[in-house]
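The values are calculated or read from the model by the stated rules, or taken from the named source; none is laboratory data. Just so it is clear, the structure is predicted and the values come from calculations on it, not from any experiment. In this analysis, Cβ positions are derived from the backbone assuming ideal geometry, glycine residues included, and neighbour counts consider all displayed protein chains.
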Ligand code: JHZ
Ligand code: SAH
């Protein structure tokens with residue numbers, strides 16, 4: 001008997017996975033050698049639901065295995081992202097005419113990179129953040145934080161103490177949460193009549209067009225499009241009223257939702273849905289040769305790394321990203337090919353990377369390392385990083401990037 005087909009997390013339609021990455025560890029489980037003995041893995045497969053158009057993981061580790069007291073991703077490790085979130089806060093303040101009588105809630109505030117801007121402008125706000133260590137950093141910035149997972153029941157509890165929100169915001173969090181119906185019901189409960197729910201996440205259209213397959217790892221259970229987000233909103237009496245593309249995280253989309261029928265729907269929404277249909281994001285055909293495209297990058301990168309190793313070149317990694325966990329584990333890149341990865345996040349340093357156990361070293365050591373080639377795992381921060389390292393890299397050193405194709409810069 002064949003195994004049952006997976007069911008869509010949104011509409012329960014059955015679907016066939018289109019790519020199987022095999023066994024994958026937790027993308028942010030950096031640990032000591034002892035901590036990584038008998039490391040947990042899960043089978044990472046991705047599918048497309050032809051009914052509601054949602055791209056999703058077939059299975060995902062339990063949320064407490066990913067988000068806990070020692071979560072390794074700190075949002076404020078990028079100066080560019082600090083600037084991005086400052087601009088985000090300003091555009092919301094303008095959109096909703098926020099004052100010191102308003103109320104903003106952020107789902108997944110991490111170290112407070114976005115909410116710190118509302119604190120600075122005296123707009124009352126509340127962060128919801130289950131990972132204690134990053135929530136602590138937000139609290140230290142004077143941000144009020146509830147250390148818990150957002151869902152419908154938490155939204156009801158919040159309303160016992162706080163008023164309804166003029167804006168509910170979230171960045172790079174919605175696509176992490178499998179229980180979307182509870183989230184949308186919670187948002188509906190907590191959002192004021194004229195409130196907006198604004199969130200941004202890596203955009204499916206970019207993941208397809210750039211072959212940025214490394215946006216797929218345990219935390220990213222969904223890859224959204226305007227097609228799938230409008231379907232989901234509609235199921236809960238909400239409406240997609242605007243979409244704005246963002247350059248962050250290799251190509252993201254900011255979605256604005258409101259209670260159905262309350263606000264004007266921007267032409268941007270119709271245009272994007274039209275362009276998604278043109279691109280084929282509404283049909284499984286576009287996903288069928290995705291694996292071949294990923295495997296072409298895999299072959300080209302592995303061939304290059306083996307050639308460099310045989311030539312006696314020193315290759316190191318830059319940025320121990322969550323994305324790199326998919327790249328190193330799916331491609332089979334160990335410290336034989338990339339000797340170490342440099343990263344500016346203290347909690348990742350002097351540990352080993354998930355699955356393939358490449359040593360993670362501090363940024364200071366990068367300055368002394370004298371590599372021949374630097375594999376840029378944080379390719380989404382290329383502009384910021386390449387600018388910062390321009391002088392150092394000019395000394396006969398080369399970047400290697402692999403999205404959308406393998407390239408020596
Ligand atoms: P970065 C994480 O993804 C996880 P990751 C999560 N699932 C998600 O969706 C996005 O963030 C929002 C380091 N670095 O941003 C810091 C330097 O060392 O690509 C980080 O460890 N020097 C929530 O992990 C990593 O690189 C630098 O100059 O794929 C970047 O991680 C800069 C700029 C970064 O996210
Ligand atoms: N918004 C930040 C942080 C993204 S990291 C940024 O864009 O950089 C994703 C965060 O979502 C983590 O800090 C994680 O703890 C949090 N998270 C995961 N599930 C959540 C949930 N159900 N409710 C609120 N936050 C959640």
Does the stretch 241-248 contain any residue that is within 26 Å of residue 50 (Cβ to Cβ), within 12 Å of ligand 1 (Cβ to nearest atom) and buried (at least 21 other Cβ atoms within 10 Å of the Cβ)?
no
Count - residues of the stretch 147-170 that are farther than 22 Å from residue 98 by Cα and in contact with a strand residue (DSSP E or B) (Cβ under 9 Å, 6 or more places away or on another chain):
6
I'm checking my understanding of the structure. Among residues of the stretch 137-171 that are over 26 Å from residue 91 (Cβ atoms) and surrounded by 15 or more Cβ atoms within 10 Å (Cβ to Cβ), which one is nearest to ligand 1 (Cβ to nearest atom)?
149
Which of the numbered conditions does residue 224 fail, given that it passes all the others? Conditions: (1) surrounded by 22 or more Cβ atoms within 10 Å (Cβ to Cβ); (2) away from ligand 1 (no atom under 16 Å from the Cβ).
(2)
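From 48, 73, 103, which residue is within 15 Å of ligand 2 (Cβ to nearest atom), at pLDDT 95 or above and buried (at least 19 other Cβ atoms within 10 Å of the Cβ)?
Values: 48 fails: within 15 Å of ligand 2 (Cβ to nearest atom); 103 fails: within 15 Å of ligand 2 (Cβ to nearest atom).
Answer to the selection: 73.
Here is a yes/no grid of residues against (1) surrounded by 13 or more Cβ atoms within 10 Å (Cβ to Cβ); (2) at pLDDT 95 or above:
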position: 340; (1), (2): yes, yes
position: 346; (1), (2): no, yes
position: 354; (1), (2): yes, yes
position: 361; (1), (2): yes, yes
position: 367; (1), (2): no, no
position: 375; (1), (2): yes, yes
position: 383; (1), (2): no, yes
position: 389; (1), (2): yes, yes
position: 397; (1), (2): yes, yes
Tell me whether the stretch 376-391 contains one or more residues that are under 27 Å from the mean Cα position of the chain (by Cα), assigned to a loop (DSSP other than H, G, I, E, B), closer than 14 Å to residue 342 by Cα and within 16 Å of ligand 2 (Cβ to nearest atom).
yes
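Would you mention how many residues in the stretch 99-114 are under 22 Å from residue 73 (Cα atoms) and touching a helix residue (DSSP H, G or I) at 6+ places or on another chain (Cβ under 7 Å)? Can you show your working first?
Narrowing the stretch 99-114 to residues under 22 Å from residue 73 (Cα atoms): 105-114.
Now drop any that are not touching a helix residue (DSSP H, G or I) at 6+ places or on another chain (Cβ under 7 Å), which leaves 105-106, 109-114.
Looking only at that region, the number is 8.
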Enumeration of residues in the stretch 117-168 that are away from ligand 2 (no atom under 11 Å from the Cβ), touching a residue at least 40 places away in the same chain (Cβ under 8 Å) and part of a loop (DSSP other than H, G, I, E, B)
162, 163, 164
